[in-house]
Amino acid sequence: MSTKQLIENDIDAFDKFGSITRTLFVIGGIFSFISFILFFFDTHYFYFSYLTTYMFFLTLTLGAMFIVLLQYLTTAGWSVVIRRVPEVLMRNIPLMLVLFIPIIFGMHDLYHWTHLDAVAHDHLLQIKRPWLNQVFFFIRIILYFFIWSWISKTFFKKSVLQDETGDHQLTLDLERSASYSMILFALTLTFAAVDLVMSITPHWYSTIFGVYIFAGAVLIAFSVTSLMYMYLRRKNLLKDIVTVEHYHDLGKLIYGFNIFWSYIAFCQFFLIWYASVPEETDFYLKHFEGSWTFVTILLCVGHFGIPFVFFISRWLKRHLVYHACMVLWICFMHFVDLYWIIIPNVAPDGLDIHFMDITLFIGFSCIYFAMFFKNLNKVCLIPKKDPRLSESLNFVNF
Amino acid sequence: MNEILLAEFSTPGKLLKAAEKLSNCGYTTYETYSPFPIHGMDDAMRLKHSKLGWIVLCGGATGLIAGFSLQTWVSLHYPLIISGKPFFSYQAFIPVTFELMVLFSAFSAVFGMFALNKLPQHYNPIFKSDYFRKVTSHGFFIGIDSNEKGYDRDKLRDLFATLDVKHIEVIEDDE
Amino acid sequence: MTASTSSIVQVKRPDLVVPGETFESVTEIVSRPMEMKLPSWWLITFCVAVSGVLLLKSMLAYLIWEGIGIWGLNNPVGWGYAIVNFVFWVGIGHAGTLISAILFLFRQKWRTAINRFAEAMTIFAVICAGIFPGVHIGRQWLAYWLFPIPNSMGMWPNFKSPLLWDVFAVSTYFTVSLMFWYVGLVPDLATVRDRAKSKVRQMIYGIFSLGWRGSNRHWQNYEKAYLLLAALATPLVLSVHSIVSFDFAVSQLPGWHTTIFPPYFVAGAIFSGFAMVVTLMVLARQLFNLKALVTIGHLERMNKIILLTGMLVGYAYGMEFFMAWYSGYQYETFAFINRATGPYAWAYWIMVSCNVISPQLFWFKKCRTSIPIMFIVSIFVNIGMWFERFVITVTSLHRDFLPSSWGYYSPTWVDVCTFIGSFGLFFTLFLLFLRFLPVISISEIKNVMPEADPHYGEEH
């Protein structure tokens, strides 16, 4: 492929997403309003439902950050043309901070350890008080968001700057800062997972939990990246730039991380199941209560089994329609995974899908992607002056 | 009596061009030889995809089923109560099932590859050429058997001459 | 670097092979150790290594004659050196599979210079590992009971036991690694066959190279098989050390039972394995003059992986401590405080300083590319990883739930000599490999040379 022809009309997508941004904002507004009304019907449940959706998008944003960091850390060449979408996705960190506000109001509903009268009679929670108390919790949340916005801002800014200047030094700088950013990322993600999700069941603990959330985060981020490029393709953008070779590789990574997620999920379950220590099994017992058993089986079959069997095929990874179906399915399964972790705490007797689960998710995702397209509007669709661009353009799988 | 026309080329690129040319002329059973796999040669020779994947899939499925049923049968046939778990504890069978699946898949990958390649095959007329010995170091060869349809020694010599051939040799197979 | 005006510029990737080498010279370089006159250092080290094997053999004979009592095991420490050494050696092996399979799937072409070497290490390390649980069973002559073989007593193994999973995991791992290694060797054995000057040599290498002749129809299936084996070996290598970690983690013992064990063990295994590869590669490239193929760049990349996996191990140490406190479970908390401050604190701090602190030197390019520093750090990591297994095994056991069942474990001279002897076995096999097989994968390294691209030289 000639490298000259790709430029201009295709990649400088300034203001191509104005209408979709507006549409998404409107739909998002409507659904958020509906959710807000539903809030008054079941306040307690609302917060859990909200946290589930929030975690879905937080993991997506952080997973996207991981993709960007990983690419610089490994000095990868093939993936340059698919870096812009994760870069813009991770720019939604400030949005995620704003959307954290409802969780602050719902602290009492979500986190049992905020009830000081209950803590006073609970030996374990008293031991955990130095960690699980509201002041320190907020300090940590601010710290996480500070680090995340710093990482996303640095990497986004320099990458966009390179579109103009073409300065190679920027790539080298980012490759250097990717190393320690990755360490910060790993630690903040782990503890955020502990704070936001694991502490809902404050007696329960699992050392692998951070890795579990991480695996899901990377999986969803790669899946959404693939979906977004397919959306751009439908809009006749980047058709000759992001080729089937890139989708094939994205498919391989999604496949690999799906197995990684399954491995981590299995290890966590298996060790707890085998040892049967009361403090730990409590978490899993909830998931075999009533119709939750069905969701557990759905996760095993749907999150692991179906993608494992179908996505192994090279042909399917390269067939964009099937690829899109499989990726959408994985996104759905990631949501089910988070739902399965969080919701049994509020609906212990069995699966009980509320209308607000759906409206919240739609509202949230519309606003999230509206912001995404709003940011995408301002930048090039590929890092057009990245020094490794030609490697990525000419990339072929073996 | 059969014979093999052996032509040597100096680089992978020239070998690839020669193979393309032969395919375009309608030759199908000729063979190229190189010290390492050459990117694009399968397409140049118009080869179909390898069937090995399907063989491995079958092997893996066999291992999976065999492993799981062995453990199930043993646990029911020779029941032991271990840490209060039921006799049929499928969770505990997953590690061994997985290992046997991988083991059987790997066996079918290796022996399937040998079978598809008809290896070991210690006799081949092409080994008679001393010149051919460098194929495993830095030689790039094309061999055409006289059974090939449209085989004509002189015509092929002329064809190869246009393709920047380095050396041509005829090997006789007296079997 | 200055700002560039042209929109598409390629950042130069480092050369994988020193420029100027040709296909023929690569064959020469790799074949030289097999064809040169036997060097005297080889003979000397081989004699030392073989005496190690004799030591191992006599220790094992003594063990079988006398019984496990000659080891330092006691109550409560029922698992000692044997398990530590087993996990240590299996871990060493993991680097080989990582390099040959995982880096292959990630298209890390630099792996071609070191994969053969590391895979050989895998196989020899797994052999060494297999010995320890094999002799630990007490009645060694009944070792075949480990396998599900029909017998007249109608007895079957217990498939719910992690120790039995180990039998399957380690033997599968050994078999698959051996096949993977052999498949990779076939084209290179043919190279040695075709270069052979003597009839005997030609015969022996000829038999093992199966009549390989570099035919493209063969290469097609061969490459497919290689890809599939890599795809199979990747989850396999994860599963093997995970299952090894299950030996500990399915129990209820504080210090053993923690959910991060499987990935943490895998990371540690790769960490220790890479350290061993660096240790041996630094020596081998010097002694056999392989510097054109194994460059400082290769070693630097391995050191980066050591740094990365060292951090992962550090993360796991940290998480274990955090969760031990966070759990609020007093035995859990005690187990970890006891690790850091109890009678085995010396072992714990050796582990931390070797595994977490010493690799930090690799943040600096100067250290990553300095042969003496990387050699020393890699040795430290080897020591540290041995101590990690020692800390996990012994410190978790030696203070049981009740203070009345507390004890202290020290190895006997038999324990130590068996361990030293296992190094003898490892090095004996390794020296034989260095002398009689191609140390670097000839066909694969040629494949990543720029000249191997059929379009090489067209644009210039």
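The values are calculated or read from the model by the stated rules, or taken from the named source; none is laboratory data. What you see is a predicted model, and the numbers here were worked out from it, not measured in a lab. Positions of Cβ are backbone-derived with ideal geometry, glycine not excepted, and every protein chain shown enters the neighbour counts.
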Kindly establish whether A:Asp249 is in contact (Cβ under 8 Å) with a residue 12 or more places away in the chain, part of a loop (DSSP other than H, G, I, E, B) and over 30 Å from A:Trp113 (Cα atoms). no
Tell me, please, whether a residue that is modelled with pLDDT of 90 or more, over 19 Å from C:Trp413 (Cβ atoms), among the polar types (S, T, N, Q) and surrounded by fewer than 21 Cβ atoms within 10 Å (Cβ to Cβ) can be found in segment C:34-50. yes
Suppose the filter is away from chain A (no Cβ under 13 Å) and in contact with a His (Cβ under 9 Å, 6 or more places away or on another chain); does C:Ser251 pass it? no
Cβ pairs under 7 Å, 6+ apart or interchain, first in segment B:91-120 and facing chain C (nearest Cβ under 7 Å), second in a loop (DSSP other than H, G, I, E, B) and crowded, with 24+ Cβ neighbours inside 10 Å, ordered by first then second residue, are B:Ala92/C:Phe159; B:Phe93/C:Phe159; B:Val96/C:Phe159
Looking at segment A:61-81, which of the residues that are in a loop (DSSP other than H, G, I, E, B) and of a type in the set (Ser, Thr, Tyr) is nearest to A:Lys384 (Cα to Cα)? A:Ser79
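Does A:Asp337 fit the bill of being more than 30 Å from A:Gly18 (Cα to Cα), surrounded by 21 or more Cβ atoms within 10 Å (Cβ to Cβ) and either β-branched (Val, Ile, Thr) or more than 14 Å from chain C (Cβ to nearest Cβ) (or both)?
Values: more than 30 Å from A:Gly18 (Cα to Cα): yes; surrounded by 21 or more Cβ atoms within 10 Å (Cβ to Cβ): yes; either β-branched (Val, Ile, Thr) or more than 14 Å from chain C (Cβ to nearest Cβ) (or both): yes.
Yes: the conditions hold for A:Asp337.
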Going through segment A:313-331 one residue at a time, which ones are part of a loop (DSSP other than H, G, I, E, B) and buried (at least 16 other Cβ atoms within 10 Å of the Cβ)? A:His319
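When you scan segment A:364-371, do you find a residue that is crowded, with 18+ Cβ neighbours inside 10 Å, of a type in the set (A, V, I, L, M) and under 30 Å from A:Leu170 (Cα atoms), even just one? Give the derivation first.
First, pick out the residues of segment A:364-371 that are crowded, with 18+ Cβ neighbours inside 10 Å: A:364-371.
Next, from what is left, pick out any that are of a type in the set (A, V, I, L, M): A:367, A:370-371.
Pick out the ones that are also under 30 Å from A:Leu170 (Cα atoms) and you get A:370-371.
Looking for residues that are crowded, with 18+ Cβ neighbours inside 10 Å, of a type in the set (A, V, I, L, M) and under 30 Å from A:Leu170 (Cα atoms), one finds at least one in segment A:364-371, hence yes.
Would you confirm whether any residue within segment C:415-435 is among the charged types (D, E, K, R), free of Cβ contacts under 8 Å to residues at least 24 places away in the same chain and surrounded by fewer than 20 Cβ atoms within 10 Å (Cβ to Cβ)?
Kept after step one, since they are among the charged types (D, E, K, R), are these residues of segment C:415-435: C:415, C:435.
Cutting the leftovers down to free of Cβ contacts under 8 Å to residues at least 24 places away in the same chain gives us none.
The answer is no, given that none of the residues of segment C:415-435 is among the charged types (D, E, K, R), free of Cβ contacts under 8 Å to residues at least 24 places away in the same chain and surrounded by fewer than 20 Cβ atoms within 10 Å (Cβ to Cβ).
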Within segment C:388-396, identify whether any single residue is surrounded by 15 or more Cβ atoms within 10 Å (Cβ to Cβ) and either without any contact (Cβ under 8 Å) to a residue 24 or more places away in the chain or not in a helix (DSSP H, G or I) (or both), and answer yes or no. no
Tell me, yes or no, whether segment C:182-192 has at least one residue that is farther than 17 Å from B:Phe141 by Cβ, assigned to a helix (DSSP H, G or I) and among the hydroxyl-bearing types (Ser, Thr, Tyr). yes
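When you look at C:Gly211, is it over 25 Å from the mean Cα position of the chain (by Cα), buried (at least 21 other Cβ atoms within 10 Å of the Cβ), without any contact (Cβ under 8 Å) to a residue 40 or more places away in the chain and away from chain A (no Cβ under 12 Å), yes or no? Show your work before the answer.
Values: over 25 Å from the mean Cα position of the chain (by Cα): yes; buried (at least 21 other Cβ atoms within 10 Å of the Cβ): no; without any contact (Cβ under 8 Å) to a residue 40 or more places away in the chain: yes; away from chain A (no Cβ under 12 Å): yes.
Against the criterion (over 25 Å from the mean Cα position of the chain (by Cα), buried (at least 21 other Cβ atoms within 10 Å of the Cβ), without any contact (Cβ under 8 Å) to a residue 40 or more places away in the chain and away from chain A (no Cβ under 12 Å)), C:Gly211 does not qualify.
Residue check: is C:Lys446 touching a residue at least 24 places away in the same chain (Cβ under 8 Å), part of a helix (DSSP H, G or I), more than 21 Å from the chain's Cα centre (by Cα) and closer than 29 Å to C:Pro19 by Cβ? Before you say what the answer is, go through the steps one by one.
Numbers: touching a residue at least 24 places away in the same chain (Cβ under 8 Å): yes; part of a helix (DSSP H, G or I): yes; more than 21 Å from the chain's Cα centre (by Cα): yes; closer than 29 Å to C:Pro19 by Cβ: yes.
Yes.
Scan segment A:268-312 for residues that are within 14 Å of chain C (Cβ to nearest Cβ), buried (at least 19 other Cβ atoms within 10 Å of the Cβ) and part of a helix (DSSP H, G or I) and jot them down.
Passing the criteria: A:Gln268, A:Phe270, A:Leu271, A:Ile272, A:Tyr274, A:Ala275, A:Glu280, A:Phe283.
Inspect all residues belonging to segment A:354-369 and state whether any of them is in a loop (DSSP other than H, G, I, E, B), in contact (Cβ under 8 Å) with a residue 12 or more places away in the chain and within 30 Å of A:Asp195 (Cα to Cα). Outline the logic, then answer.
Step one: of segment A:354-369, the residues in a loop (DSSP other than H, G, I, E, B) are A:354.
Right, trim to in contact (Cβ under 8 Å) with a residue 12 or more places away in the chain and you get A:354.
Right, trim to within 30 Å of A:Asp195 (Cα to Cα) and you get A:354.
Among the residues of segment A:354-369, at least one is in a loop (DSSP other than H, G, I, E, B), in contact (Cβ under 8 Å) with a residue 12 or more places away in the chain and within 30 Å of A:Asp195 (Cα to Cα), which makes the answer yes.
Would you point out which residue out of C:Ala275, C:Ala340, C:Ala347, C:Ala267 is under 16 Å from C:Ile92 (Cα atoms), away from chain A (no Cβ under 14 Å) and either in a helix (DSSP H, G or I) or out of contact with any strand residue (DSSP E or B) (no Cβ under 8 Å at 6 or more places or on another chain) (or both)?
On the way: C:Ala340 fails: under 16 Å from C:Ile92 (Cα atoms); C:Ala347 fails: under 16 Å from C:Ile92 (Cα atoms); C:Ala267 fails: away from chain A (no Cβ under 14 Å).
None of the others qualify; the one that does is C:Ala275.
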Quick one: what pairs do we get from segment A:108-130, first residue without any contact (Cβ under 8 Å) to a residue 24 or more places away in the chain, second of a type in the set (S, T, N, Q), C-beta under 7 Å, 6+ apart or different chains? A:His108/A:Thr114; A:Thr114/A:Gln134; A:Val119/A:Gln126
Filtering segment A:195-221 down to residues that are of a type in the set (A, V, I, L, M) and within 8 Å of another protein chain (Cβ to nearest Cβ), which residue is surrounded by the most Cβ atoms within 10 Å (Cβ to Cβ)? A:Val211
Please verify whether B:Lys48 is surrounded by fewer than 17 Cβ atoms within 10 Å (Cβ to Cβ), of a type in the set (Lys, Arg), over 30 Å from B:Asp130 (Cα atoms) and out of contact with any Lys or Arg (no Cβ under 9 Å at 6 or more places or on another chain), treating the condition exactly as stated. yes
Residue that is farthest from the chain's Cα centre (by Cα), among those in segment B:1-43 that are under 30 Å from B:Ser105 (Cα atoms) and not in a loop (DSSP other than H, G, I, E, B): B:Asp43
Can you confirm whether segment B:78-89 contains a residue that is outside the structural domain of B:Tyr33 (by TED's automatic domain parsing), assigned to a helix (DSSP H, G or I) and not basic (Lys, Arg)? no
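Pull up segment C:189-208, narrow it to residues that are within 8 Å of another protein chain (Cβ to nearest Cβ) and crowded, with 19+ Cβ neighbours inside 10 Å, then point me to the one that is nearest to C:Thr27 (Cα to Cα). Reasoning before the result, please.
Taking segment C:189-208 first, the residues within 8 Å of another protein chain (Cβ to nearest Cβ) are C:190-191, C:193-195, C:206-207.
With the extra rule that they be crowded, with 19+ Cβ neighbours inside 10 Å, the set shrinks to C:190-191, C:193-195, C:206.
Details: C:Ala190: 12, C:Thr191: 8, C:Arg193: 12, C:Asp194: 11, C:Arg195: 10, C:Gly206: 17 Å.
Here the residue is C:Thr191.
Inspect segment C:65-75 for any residue being part of a helix (DSSP H, G or I), over 26 Å from the mean Cα position of the chain (by Cα) and touching a residue at least 12 places away in the same chain (Cβ under 8 Å) and give the result as yes or no.
Yes, that holds for at least one residue.
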I need the full set of residues from segment C:316-332 which are on the phi < 0 side of the Ramachandran plot and either without any contact (Cβ under 8 Å) to a residue 40 or more places away in the chain or in a loop (DSSP other than H, G, I, E, B) (or both), in order please. C:Tyr317, C:Gly318, C:Phe321, C:Phe322, C:Trp325, C:Tyr326, C:Ser327, C:Tyr329, C:Gln330
C:Ile99 vs. criteria modelled with pLDDT of 90 or more and either farther than 24 Å from B:Phe93 by Cα or away from every other protein chain (no Cβ under 11 Å) (or both): no
